[in-house]
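Contents: one structure, followed by commentary.
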Amino acid sequence: MIKRVQAWLGRKEKHQPVEISPDNIPRHVAIIMDGNGRWAKRRGLPRIVGHRNGMKAVKRATIAADELGVQFLTMYAFSTENWKRPKEEVDFLMRLPVEFLAIELDELIEKNVQVRVMGDMEEVPSYTRKAMEEAVARTEGNTGLILNFALNYGGRKEITDCMQDLGRDIQAGLLSPEEITSALIDSRLLSSGIPDPDLLIRTSGEMRLSNFMLWQLAYSELWFTDVYWPEFDKEHLLQAVAEYQRRTRRYGGLK
């Protein structure tokens, strides 16, 4: 069975038919949500307006992924490097999760979505941490789409913390170096229990990982679009999945 949809291509609003097979939906989609500030600047608006509209795109992408049958959706919400931005913007970004969950959490619960968060929550403001902890607790028993927010997250820090954790075990005599395997490292990362992303999407035309899930993205399919994140909608997700389905994943081997 092939589902035909119309997908809009980029900001020029061109479109073409896209074929999606329900038998090859990526299990885990990760998204680098980029371009909020540039979207606002092009419209002569403050950057914070772009971030607020980006919050609306989070809801659209979550609903679209759920309808499509994606099981895990990881959103890069705030990186460990984003603290370098102006304090006013950082403060606004830290309040966005509070605002988003206050508005959307009840609907997420109705849709059986489970909220998770990965990152260093000790460094975020208490009001942000409280909102995320409440969302995680209230959706813990849900069995549908897992919506995983990477908040105050950095791939290099994640790997460094993991190596230090393993090193402490070796020092304590609980582990030998020969016992360290990829599976063991997986179990010690912040993404433990979540499969590696099948598909990474990055918006706004940038083509880099920006310190996002560096270990987990080893064999993920990458899809880049010029569309700014506030413009991202269901049709763009379908376009990304259609491209994913056209590729052959060999993991270094041959097929």
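Rounded, prolate or oblate: pick one for segment 107-158, where a ≥ b ≥ c are the square roots of the eigenvalues of its C-alpha gyration tensor, a/c under 1.5 means rounded, and failing that, prolate if a/b is larger than b/c, else oblate.
Details: a/c = 3.22, a/b = 1.64, b/c = 1.97.
In terms of gyration-tensor shape, oblate.
Enumerate the amide H contacts of F149 below 5 Å, restricted to partners 5 or more residues apart or on another chain; note that Pro and chain-start residues carry no placed amide H.
Long-range HN contacts for F149: M75, R116, V117, M118.
Taking the simple approach of a point 7 Å from Cα along Cα-to-Cβ for both Y127 and W215, what is their distance in nm?
Going by the 7 Å Cα→Cβ label model, 3.4 nm.
Running a GNM on the chain with Cα contacts under 10 Å, which residue among S220, S210, S176 ends up with the highest mean-square fluctuation?
S176
How much length is gained on full extension from R43 to A172, taking 0.36 nm per residue of separation minus their Cα-Cα distance? Spell out each step's value before the answer.
Working: separation 129, 0.36 × 129 = 46.44 nm, distance 5.74 nm.
Net length gain for the segment: 40.7 nm.
I need the shape label for the chain. Rule: rounded when a/c is under 1.5, else prolate if a/b > b/c, else oblate, with a, b, c from the alpha carbon gyration tensor.
Because a/c hits 1.5 or more and a/b fails to exceed b/c, the chain counts as oblate.
Compute the FRET efficiency between D91 and M163 as 1/(1 + (r/R0)^6), taking r as their Cβ-Cβ distance and R0 = 25 Å, and round to the nearest 0.05.
Values: r = 32 Å, r/R0 = 1.30.
Using R0 = 25 Å, I get an efficiency of 0.15.
Which order do peptides 95-103, 28-36, 79-87, 237-245 fall in by mean Cβ count within 10 Å, highest first? Numbers along the way, then the final one.
Values: 95-103: 16.9, 28-36: 24.6, 79-87: 13.2, 237-245: 21.6.
The most tightly packed comes first, giving 28-36, 237-245, 95-103, 79-87.
Can you pull out the chymotrypsin sites (Phe, Trp or Tyr not before Pro) in segment 126-219 whose DSSP state is coil and whose Cβ has at most 14 other Cβ atoms within 10 Å?
Details: sites: Y127, F149, Y153, F212, W215, Y219; in loops: F212, W215, Y219.
Within segment 126-219, the qualifying chymotrypsin sites (Phe, Trp or Tyr not before Pro) (loop, at most 14 other Cβ atoms within 10 Å) are Y219.
Given axes a ≥ b ≥ c from the Cα gyration tensor, I'd like to know whether segment 77-194 is rounded (a/c under 1.5), prolate (a/b larger than b/c) or oblate. Before the final figure, lay out each step's value.
On the way: a/c = 2.93, a/b = 1.51, b/c = 1.95.
Because a/c hits 1.5 or more and a/b fails to exceed b/c, segment 77-194 counts as oblate.
Laboratory data are not the source of any read-out in this text; all were calculated from the coordinates shown. A quick note: this is a predicted structure, and the numbers were derived from the prediction, not measured. All Cβ positions, even for glycine, are placed from backbone atoms using ideal geometry, and neighbour counts span all protein chains on display.
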